[in-house]
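Undergrad: My structure is below; once you've seen it, I'll send some questions.
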Amino acid sequence: MSTTIIRSYLQQKHTKFRTRRALRQFQEKRIQKILQEVIPNSPYTKERCIGRNMDTWDTIHPMEKSEMMTNFDRLNTVGVSKEEAIAMAKKEEDSRSFNSVLDGYTVGLSSGTSGQLGLLLVSQYEQEEWVGRILAKVLPEHLFYPKQDRVAFFLRANSPVYERTGSKRLAFHYFDLAKDIEEHLEPLQKLNPTLLIAPPSFLRHLVPFIQNGTIRLTPQKVITVAEPLDIVDERLFRSVFKQTIHQIYQATEGFLATTCEYGTLHLNEELVMFEREPLDAQRFVPIITDLYRTTLPIIRYRLNDVLRLRPSPCSCGSLLTAVDAIEGRCDDILLLPQKDGTQRPVYADFWRRCILMSDARVQDYGLRQVQENRLELFIQADEEDEVRTRVEEALHTMIRKRHGEPVDITHVYDWPKGGRAKKKRIERRIQPS
C-alpha cells in the first residue's frame, strides 16, 4: 500500500470541523489553491475565468457534461485529447483488462444513468488520494486494525489502483458485472467478503440465491454504489443481510457522499464544494467544485441529479449536510400535461411514494413516461393483477389532485434489471414542450 494512500487515509480520518464557518473557510482556501494550479494549465478554465478575480470564482458560469466533453482537450491540464481518451477507454471496455494508462494517466468511460457519454481522467496520485479517503469513509475498522478485510466489489469496470491497495490488511476482489451472476456465486462464496460493494440492481439479483440457500454470506458491511438506493431495495437488503445498508454516491465528477453509521447520506463537503440550485424547499440540483482534482478540473459543474435534503439533523452529529435521497436525474422528472396546455414537473419521489403506499405487497416497480399522456407501469408483487389495479387507481388519483389531464397507463410485464447498464425505476422518454 502506497504512502499516498496511507497519508490520505490519515488526513481524512483526522480532518474535523467544529463549525460550518470553519468548513467554508477550508473550502475557500482549497478552491483558491486549485485555481492557482489549474488556470495556467487549462486554457478552457482560464477562458471561463476571464473578467473575474480569484475571489469571485462563484460567478463563473456552471458547466454541464456536454460542455465538458466539447471542451475536453482544452479543459484538462495534461494535454490529453478526447479522441485518444475515448479510444483507449473503449478498448479497455472491450478487452475488460482495465490496466492501461494514457501518457501516465488513467482514463475511464461513463454514461451514468443519463446515457450521455462522460470521461474520467486522473493521475496515479489523484487515484491513490481517492482510495485513501474512501477507505477512511467506509472501512468497518481502522486501517491498522489487526485483521484482514476481504472486499468484494461488483462494478462495470476495474482499476489497477485496487491491486496497488491490496495488503495483509485489505484484500480486494473485483467481480465483473459483464458476467452472468451464476459465474460469480462460487468465487463469492469462497471469498465470503467482510465488505460487499455492489449496485442495488445486482444485489437484487443476488438476494434469491441467498434466500434459497445457494450461497451463504456474512458481510460485516454492505454498501451500494453506482445507482440510487431505492427504499424498496433498502428494505429488502436490510431484511436479508440483517444490518443497516450503506451507500456511496459517486460520479466521474467526484466522490460526492457517503453514509454514516446511522445509514444517513452525508455530502462529502470536505472534498467537494456543493452549491445548490433549488427546485423547491427540499430539493436541489448540485453545482460542484472538486477541492483536490487538477488533471481534469471540476469547477462549478452542474450535475444532472435531484437531491432531497433531510428535514432534521442526523443523530451522528456530523455538520456535513445530510441528504434524504438522490431522487434521480433531472431528465427523469415526469411532466404532467395541464388543462392550460402547460406541463407540470412531478419529482420521482412523489411517484415512488404513491406506488409504494398504494399497496404494501409491491415488491418492485417501474414507471416510464413514453408520451405526454401515456405512462408505462411495471409491478412485481404477489397477486399482481389486484396490486396493479390498486396502483393504477392511486396514480390516477394523484394526477387528478395535481390538476393534470387524464393519462393512459399501460401495464408492462418486464423491466430492465440493471447490470452493466444502470437501473432506473422512474424514467422520462419525452422532451419538455
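No lab work stands behind these numbers, since they all come straight from the coordinates. Keep in mind that this is a model prediction, so the values were computed, not measured. Methodologically, a virtual Cβ is constructed for each residue, glycine included, from the backbone with ideal geometry; neighbour enumeration extends over all protein chains shown.
Undergrad: What residues from the stretch 31-63 fall in the zone where the backbone N is under 11 Å from a label point 7 Å along the Cα-to-C-beta line of E277?
TA: Within reach of a label on E277, which here means backbone N under 11 Å from a point 7 Å along Cα→Cβ, the stretch 31-63 contributes 62-63.
Undergrad: Within the stretch 184-220, which trypsin sites (Lys or Arg not before Pro) sit in a loop by DSSP and count at most 10 neighbouring Cβ atoms inside 10 Å? Write down the numbers at each step before the final one.
TA: Numbers: sites: K190, R204, R216; in loops: R216.
Those satisfying the criteria are R216.
Undergrad: Same structure again: With equal scatterers on the alpha carbons only and no solvent term, can you work out the Debye log10 of I(q)/I(0) for the stretch 1-131 at 0.18, 0.19, 0.20 1/Å?
TA: Here the Debye-derived log intensity ratios amount to -1.22, -1.27, -1.30.
Undergrad: Just to verify a number: FRET efficiency for R24 and R74, C-beta to C-beta distance, R0 = 35 Å, to 0.05?
TA: Working: r = 30 Å, r/R0 = 0.87.
My answer for the efficiency is 0.70.
Undergrad: Given springs between every Cα pair under 10 Å in a Gaussian network model of the chain, which of A226, A394, A322 has the largest fluctuation?
TA: A394
Undergrad: Please rank H205, H173, fewest neighbouring Cβ atoms within 10 Å first, as an exposure proxy. Can you show the working numbers first?
TA: Working: H205 19, H173 16.
Sorted ascending by nearby Cβ count, the order is H173, H205.
Undergrad: Write out the GluC sites (Glu not before Pro) in the stretch 346-426 meeting two conditions: DSSP loop, and at most 13 other Cβ atoms within 10 Å of their Cβ.
TA: On the way: sites: E372, E376, E383, E384, E386, E392, E393; in loops: E372, E383.
Passing both the DSSP loop test and the Cβ count: E383.
Undergrad: Let me ask something else. Most exposed first by the Cβ proxy, i.e. fewest other Cβ within 10 Å, how do R308, R238, R293 rank?
TA: Values: R308 18, R238 14, R293 25.
Ordered by Cβ neighbours within 10 Å, fewest first: R238, R308, R293.
Undergrad: Please work out the Cα center distance from the stretch 323-363 to the stretch 48-67, rounded to the nearest Å.
TA: Using only Cα atoms, the two centres lie 33 Å from each other.
Undergrad: Which loop chymotrypsin sites (Phe, Trp or Tyr not before Pro) in the stretch 324-433, with loop taken from DSSP, have no more than 12 other Cβ atoms within 10 angstrom of their Cβ?
TA: On the way: sites: Y347, F350, W351, Y365, F378, Y413; in loops: Y347, Y413.
Counting only loop positions with at most 12 other Cβ atoms within 10 Å, the chymotrypsin sites (Phe, Trp or Tyr not before Pro) in the stretch 324-433 are Y413.
Undergrad: A further question on this structure: Return the ratio Rg/(2.2 N^0.38 Å) for the chain, where Rg is computed over Cα atoms only.
TA: On the way: Rg = 22.3 Å, N = 433, 2.2 N^0.38 = 22.1 Å.
In units of the globular-protein estimate, the chain measures up at 1.01.
Undergrad: With no solvent and one equal point scatterer placed on each C-alpha of the stretch 167-246, evaluate the Debye formula and give log10 I(q)/I(0) for q = 0.18, 0.23 Å⁻¹, two decimals.
TA: -0.75, -1.26
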